[in-house]
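Reading through the structure tokens given below for one structure.
Every read-out reported here was derived from the displayed coordinates using simple, explicitly stated rules and does not represent laboratory data. Just so it is clear, the structure is predicted and the values come from calculations on it, not from any experiment. Counting neighbours? That spans all protein chains shown, and the Cβs are built from the backbone with ideal geometry, glycine included.
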Amino acid sequence: MSDRNPVGFLSDLPVEVIVELGRTRLTIRELAELDRDDVVDLSRGSDAPLDLVVGGRVIARGEVVMVGEKMALRITEVLDESNVRSAS
């Protein structure tokens, strides 16, 4: 193991990456009553950046782009250590 990068062996471990549109709170009753074509209001406007969440922390923000037939996230801001926040 290199002295310059003592945790380098961790770099190939997979992590779950979540792109979050927004959040809301619903009661169990409201969840149970959801049906196809229902709309759930989220906490953000449609022009707000999306959060990139890793390990429960927002590490970056970005915007939705299309890559062929798939949606993707274009990173517009990478948060530094002092700005990283919990996604809860």
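Points worth noting:
- Relative to the globular-protein estimate of 2.2 N^0.38 Å, the Cα radius of gyration of the chain stands at 1.44.
- Inter-label distance, nm, simple model (7 Å from Cα along the C-beta direction), V39/S11: 4.7
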